[in-house]
Amino acid sequence: QSPDEALAALANQTLSTGPGGESPVSASEITLTDEELAEIKAMGATAAIVMHYGGDDWSQAQINGLQTQFEAMGIEVIATTDAGFNSAKQVSDIETIMAQNPDIIVSIPTDPTATAAAYRQAAEAGVKLVFMDNVPAGFVAGTDYVSVVSADNYGNGVASAHLMAKALNGEGQIGIVFHAADFFVTRQRYDAFKATIEQNYPNIEIVAEQGIGGPDFTGDADRAASAMMVGNADIDGIWAVWDVPAEGVIAAARANGRDDLVITTIDLGENVAIEMARGGFIKGLGAQRPFDQGVTEAKLAGFGLLGKDAPPYVALPALPVEKDNLLDAWQTVYSTEAPATIRDSMN
Amino acid sequence: MSDTVAVAAREAPLAYFKRTWRQNIIYIGFVVVFAFFAITLYDKGFLAPNNILNIARQTAMIAVMAVAMTLVLSSGEIDLSVGAVAGLASVTTAMAVAWGGLPAGIAAGIMTGITVGLINGFLSTRLMIPTFLTTLAMMGIAKGTAMWISGTAAIPVLDRTYPAIFGGGNIGPIPTLLLWMLVIGVIGHVVLRRTKFGRQVLAVGGNVVAARYSGINTSRIKLWVIVISAVTASIAGMLYAGRLQTGRFQLGEGDELSVIAAVVLGGTSLFGGKGTVVGSIIGALMIGVINNGLILMGLEYSQQLIARGGIIILAVALSQAGTRPA
Amino acid sequence: MSDTVAVAAREAPLAYFKRTWRQNIIYIGFVVVFAFFAITLYDKGFLAPNNILNIARQTAMIAVMAVAMTLVLSSGEIDLSVGAVAGLASVTTAMAVAWGGLPAGIAAGIMTGITVGLINGFLSTRLMIPTFLTTLAMMGIAKGTAMWISGTAAIPVLDRTYPAIFGGGNIGPIPTLLLWMLVIGVIGHVVLRRTKFGRQVLAVGGNVVAARYSGINTSRIKLWVIVISAVTASIAGMLYAGRLQTGRFQLGEGDELSVIAAVVLGGTSLFGGKGTVVGSIIGALMIGVINNGLILMGLEYSQQLIARGGIIILAVALSQAGTRPA
Amino acid sequence: MAIKPIAVEMDAISKRFGGVHALREVSLSVCNGEIHALLGENGAGKSTILKILRGVQAPDSGSIIIGGEAFERLSPQLARHKGIGMIFQEMSLVPTLSVAQNVFLASEPLTSAGLIDDRAMEQRSAAIFASMGVSVDPTAMVANLSTGQQQLTEIAKALSQNAEVLVLDEPTSALTASEVDILFDLLRRLRSEGKAIIYVSHRMDEIFRIADHATVLRDGRLIDSRPIADYTLATLIADIMGKETRDLSEFTTASTAQDGIILKVEHLSSKLRRGGDVSFSLRHGEVLGIAGLLGAGRSRLARMLFGLEPIAGGTITLRGKAVSIASAREATELGLALVPEDRRRQGLVLAHSIQDNIELPILKRLGSTPFVDRMKSRSTTDELIRRLAIKTASREAPANSLSGGNQQKIVIGKWLATDPDILIMDEPTAGIDIGSKGEVLRLVRALAAEGKSIIFISSELAELAAVSDRIAVMSGGRLVETIDKAELLNTTGDATELRAEQKLQLIVQRGGNNV
Ligand SMILES: Nc1ncnc2c1ncn2[C@@H]1O[C@H](COP(=O)(O)OP(=O)(O)OP(=O)(O)O)[C@@H](O)[C@H]1O
Ligand SMILES: Nc1ncnc2c1ncn2[C@@H]1O[C@H](COP(=O)(O)OP(=O)(O)OP(=O)(O)O)[C@@H](O)[C@H]1O
Ligand SMILES: [Mg+2]
Ligand SMILES: [Mg+2]
């Protein structure tokens, strides 16, 4: 099976399975009738968005999606919080928000165990919970929370692996820059990428792995990648766990004059998009669909309000992006036309 | 530093009033900030008893660490490792609870603090490394150790009593966290104001030579202060673990700045010789109130950051004027 | 503090050597650390010219900010906002470049520094708020502003010359970043050691009352130092923007600690009155070498943190002994 | 008189600081019930040997015998335990603590609960000050005390420990005659109680008034140790200086005052202290002495003239023009200079070298570029070190490595270097030895002769009478009286300084009384 076939296969299948092993339902199946919409509007409900980390395009698109859809549903977003990967802060945020007792909380847990108690409180207070990507430990779909919408991070990991293989014609030495923290989303991508390379591409050798801790992920990735290129003179590619570290890898490659280095990553940030458009280091990436994801989550929250029973696990398939489909991909991901910066860089 | 405070001995009543008024304005500042939110956020449930308790809960760890940090700064030293140590303690205590139950957990948490404290103290008082550097290095070491022994994973605390004691439960309507904060606060206040030890801490921070000339064993005092700080940090870590029923290396990350901010906000001098535990706790609460209020206001995170900075400056602009060393 | 510095007037050559040896051991420490990696990592290409240049590149921003921070600490103040200001400047400069090209970009970056500096300076010298608090608050304000105007997104720098000047390109074999570091380092050294301004900075930091009695306009000096620090931070931000061809609020996040660590490591006193720019740069390079070496060793992130802390303590244990302001 | 038991004995003590031999095999033995004067020029080693006795510095060799017990070295705790109390020359108080808290530092009275009893502390220190007959607020923060008040606090601290052996290292350098009298009464009482007292001072008259025995050091060597009765002023000074030196009594001066008035002050009063009222005029080439009791407002006046203390009312007319001086910088630009009272707090950056300290006020003159002209700075420094006989190896030595008196000389030199039209000196000779004192006074007269004007504040009336053309007496912030040197000298038949001094004393006291 060639990378292209593999990628093609990916497009309309979701590899992740739900926290309870549920098989995913496609986001396209989540819809609200006009009556339902009207009914929700009538409720004058309130919602809060509790993020794990707000500092990247992904979160912003996610929030945009939510806000757009909530507005359409006549739901007021009363608070948006950013825990900066810190579970204690996220718990505080949830508690604080509970003071306004909102009807809906859409959230992504920094840490399934640490935050469980706080979400539990909210659930018991009757708040409709919709999760992104991951759910707190011991939560039961339908009773404790409405549903979880996943971006199929595993699938994206796989995609980025195939794209790497494609760019390397199936052979070479590569390095991995991963997130040195046990965070569900990033861990899935890492596992997927590694597994895919090891199983499908015997001629691709993973010669270096380096974790990065932040908060300056770009700088950390820069240092890590530089060291990889120094330590393994003929390294051909480096995979970065998301676009922010990827920018660090790009800087390192530039500085070390490795114009031939292949970089693949996950998430369609503007910078990596530009780099790709220029035919630069980024040969491909697995994109999530944060905007759609947000929209879907908002709709599911609506399900919750209506008491309409929702599928426990909704997933959006991974979106492999290469230069050819970059502009369309951007449209798909952000549901706006790609900015001039990218379009101009295409040629 | 403090040599530079230049105020008249027989000063006019007015001048005196102005001075003390300014020293105590952190309290006024706190009241103002609180009142501001109470009014603007009335309908948003800011004053809801539960929200007030939330603020207490969310501030408790910072406040607890701030108490010890008051001693540290008063003695002319600094401790940047508190946040990381709290994280480490949360991990050790959680692992120990899983292994040997409550007593093991408590022992492990405290031992973590004692060990770290002794290392920091030894390096600073024997090898004469500035605490800024020792504790900065310790910050990395503690965080690394926590990540390492936990494999960066969260260690769940399944024991039921542990969270009840540490930060989880309530006693009647009152969260245990609040009690921890009060108890440690009172102890800290008495130690600094009313005990020989506290007096010697202030003396060491005010003029280390004079302290030595007066027969005070300055390095012993500093050692103690540093150990106390580390142990308190580990208690904070245990409270985190209890509150979140989890031990994790990221818990407490970055707290050192909030803690020192709270203490300085409270009117303790960064240059030593002068400290107030009550002020520190008020400072911590003030930061807590601000964070809470800004979220309730529905500001975006970026706006929250800006507003917090602005409010702090406003509050201090009054409170610190005139009283700051030069 | 300084009462304890005990140095002989006419001292024996040996004693003199011992003293200066200790003061200068940061250099020795640097050499030792470097040699250690050079040997253990010989086969891993530690000594490869490219790797050496990488270290320089990765350290440049810290080193640049450390130069100004040396002045700040020498004057008895502190600046915690440098990291956030660098981030903000990277955003403003990137946005301005996109809007009005190179000149606009440069202007925007520098103006950011000047504005922040004047605010910090005004609050600290007029309203007498301790710089610890002003700059801590500014840290939040700058970060928030950067997130806000950029919508937390990365602002690409498409202009070709900008990166060439700031941090991106090379001149011959030498990365421009290295030149920036050297030029600013030399200027800083001369300013602190040779100019009247530098003498006044040290005097203000050494004893602000005596400085005032000597007819020095102490608050003017402090204002200048604070502004210089902010401007330098914004230059560092522009270098980040050039190097990554991006403006982003996270750039420089957390740098304040690395910068202050580098400076203190270099032998500058946190309590003012004593500073060395060269030491600070060596301190920054030392941290860079350690980071680089530990990664090349293939240590896990957690182990890197531990090792870094250990090495720093080891290096300082020697360097600071005896010279610290107890 | 009967042989008294020996309280402490220090045997062949040697101490080096790097290359400096502070002490070479110095021995010292002090008996109970005696006041033992320790004398020597600046940098002779007095403070060093006393610090060794107090256990805050360790000798390189030699031994210390207390109550028959011999020690290699003492620790501060041990020395204290052995009943040794000391007033250090360099203020050793904690500025951020209150007076009472300092007095009882490390020996706080406790409540039954084992907590510190601050109220008892304040009452007891109030009592001590009362018994000393001085007024110091026990609750005041030490940082806010005047130098004199700080010295009184040190004395109270030492007394509160009722030590067996009481060491006083220049306790009176910032005190006026009346406090000195009080202190001496206290010391006599302690002596009669059989305590051993070691007393260091550069004020010769004090030595002859109070001491029973004198030990003289020079360049870290023991020169001589005899009962005071064996000495005359001349022989004692000769021993101290190692050469014949004229003391103040031969210090006669003809007034060099010209007619032109350079500075006129009218009804000046401070914002920080009510009820001040100072008026005087200063002529070219005139030395205006200012006398007063502690807290009379002398230093305050100095600070007001130098733009360091806000002015509530009154006018300052300089060279015929009314000026308002808002900062020391403006003052220096107007050609004023202030040798401040507190060398450690206001005079020096202690950790910096002599040269760096001397550079500070004259930076503007060290080259027209932004760069410091090091050559010029060096020559200036060396010149001053020579002129003031500052005892140091190099201009690079940090100020705090010098002896107290030598530090004081740096402060004087630092301001001489600015070559001002009006030189204000606040207790300039505090802690400097008899020889250098003469040198300073001679300098002052020389400047006056050049047409410079000097305001000379001093608590030591002898030198005041010696150096001044006119003497203004202050009290309670007001300038109450101005006396011509001539009056002081010539009213009675034979004019000896001592008489003049006594008269001055009377006037000052009276000034004090009619508030
Ligand atoms: N900490 C120190 N470091 C280096 N040299 C010192 C130190 N303390 C004292 N000295 C030197 O030791 C010598 C004796 O100093 P000491 O203070 O004992 O003199 P002193 O007799 O007290 O003089 P003064 O009358 O001025 O107080 C001086 O030359 C001084 O420079
Ligand atoms: N720079 C200053 N500004 C304001 N007050 C000061 C300053 N320096 C000292 N003081 C305080 O002013 C008060 C009076 O001290 P000062 O020595 O000036 O009194 P004084 O009346 O001048 O005494 P004396 O007549 O003995 O000099 C003291 O409490 C002192 O601490
Ligand atoms: Mg002395
Ligand atoms: Mg005075």
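A short reminder: the numbers here are calculations on the coordinates, not readings from a lab. None of the values given here were measured: they were computed from a predicted structure. Cβ atoms come from the backbone with ideal geometry, glycine included; neighbour counts cover every protein chain shown.
The length gained on full extension between B:Leu127 and B:Trp99, counted as 0.36 nm times the residue separation minus their Cα-Cα distance, comes to 6.4 nm.
Summary for B:Leu118: label point 7 Å along Cα→Cβ; distances to the equivalent points in the other copies, ascending, 5.6 nm.
Summary of the geometry: segment D:142-198 and segment C:171-220, compared by the centres of their Cα atoms, lie 45 Å apart. Label points for C:Tyr27 are taken 7 Å from Cα along Cα→Cβ. From this copy to the others they lie 5.5 nm apart, shortest first. Counting Cβ atoms of other protein chains within 10 Å of each Cβ in B:259-267 and taking the mean gives 2.
Hey, got the average number of other protein chain Cβ atoms within 10 angstrom for residues in C:236-246? Mean shielding by partner chains, rounded to a whole number: 3.
Label-to-label distance, D:Arg189 versus D:Leu115, with points set 7 angstrom from Cα along the beta-carbon direction: 3.3 nm. A cut-off under 14 angstrom between Cβ atoms defines the neighbours of A:Ser345, and their net charge, with Lys, Arg +1 and Asp, Glu -1, is 0. For chain A, the mean residue ellipticity at 222 nm estimated from helices alone is -14000 deg cm²/dmol, where every DSSP H run of n ≥ 4 contributes -39500 (n - 2.57) and the total is divided by all residues, rounded to the nearest 500.
The other copies place their C:Thr40 label points at 5.3 nm from this one, listed shortest first, where each point is 7 Å from Cα along Cα→Cβ.
With the simple model of a label 7 Å out from the Cα in the direction of the Cβ, A:Asp324 to C:Tyr27 spans 6.1 nm.
Within the shell of other residues whose beta carbon sits under 10 angstrom from the beta carbon of A:Tyr334, the net charge comes to -3, with Lys and Arg scored +1 and Asp and Glu -1. Look at the stretch B:247-255: the mean tally of other chain Cβ atoms within 10 Å of its residues' Cβ atoms is 6.
Dividing the helix sum by the residues of chain D, where each DSSP H run of 4 or more adds -39500 (n - 2.57), gives a mean residue ellipticity at 222 nm of -10000 deg cm²/dmol. Suppose the Debye formula is applied to equal point scatterers at every Cα of chain A; what is log10 I(q)/I(0) at q = 0.07, 0.08, 0.13 Å⁻¹? After summing over all Cα pairs, the log10 values are -0.29, -0.38, -0.95. Can you give the FRET efficiency for A:Glu71 and A:Lys308, using 1/(1 + (r/R0)^6), R0 = 22 Å, r = Cβ-Cβ distance, to the nearest 0.05? Calculated value: 0.60. What base-10 log of the normalised intensity I(q)/I(0) is obtained for segment D:6-241 from the Debye formula, alpha carbons as equal point scatterers, at q = 0.11, 0.16 Å⁻¹? Cα-only, vacuum Debye calculation for segment D:6-241: -0.56, -1.16. From the alpha carbon centroid of segment D:346-377 to that of segment D:396-416 is 14 Å.
Farthest toward the positive end of the dipole of the protein assembly as shown, out of A:Ala287, B:Thr93, A:Gly65, is the Cα of B:Thr93, where the dipole comes from beta carbon charges about the Cα centre. Among C:Ser234, C:Ser269, C:Ser280, the largest mean-square fluctuation in a Gaussian network model of chain C (Cα springs under 10 Å) belongs to C:Ser269.
Direction-averaged projected area, Cα convex hull, segment D:346-419: 4.6 nm², rounded to one decimal. The distance separating the Cα centre of segment A:190-263 from that of segment D:418-484 comes to 77 Å. Closest approach to the axis carrying C onto B, counted by Cβ on chain C and given in whole Å with its residue, is C:Phe271, 3.
Here segment A:171-318 is treated as an ellipsoid with the same Cα gyration tensor; its semi-axes, largest first and in whole Å, are 33, 16, 14.
Relative protection proxy for A:285-294, B:302-311, A:84-93, D:187-196, from highest mean packing down: A:285-294, A:84-93, B:302-311, D:187-196 (other beta-carbon atoms within 10 angstrom).
This model, with +1 at the C-beta of Lys and Arg and -1 at the C-beta of Asp and Glu, gives chain A a dipole about its Cα centre of some 240 debye. In segment B:169-259, the alpha-carbon atoms span a convex hull of 112 Å³ per residue. The order of the peptides D:388-398, C:84-94 by mean Cβ neighbours within 10 Å, most packed first, is C:84-94, D:388-398.
From the largest down, chain D spans 70, 56, 52 angstrom on the principal axes of its Cα atoms. Remark on segment C:25-322: Rg and Dmax equal 18.9, 60 Å (Cα only). Start at zero, step by 5 Å, and the Cα-Cα distances of segment B:271-311 spread as 6, 21, 24, 16, 13, 10, 7, 3, 0 percent across the bins. Relative contact order of chain A: 22 percent, from C-alpha pairs under 8 Å at least 6 residues apart in sequence.
Need one word for the protein assembly as shown: rounded, prolate or oblate. Basis is the Cα gyration tensor (sqrt eigenvalues a ≥ b ≥ c); a/c below 1.5 gives rounded, then a/b vs b/c decides. Since a/c reaches 1.5 and a/b is larger than b/c, the shape of the protein assembly as shown is classed as prolate.
DSSP beta bridges fully contained in segment D:6-241 are about 55 percent antiparallel.
What order do you get for C:130-139, B:149-158 when each peptide is scored by the mean count of other beta carbon atoms within 10 Å, highest first?
Packing order, densest peptide first, comes out as C:130-139, B:149-158.
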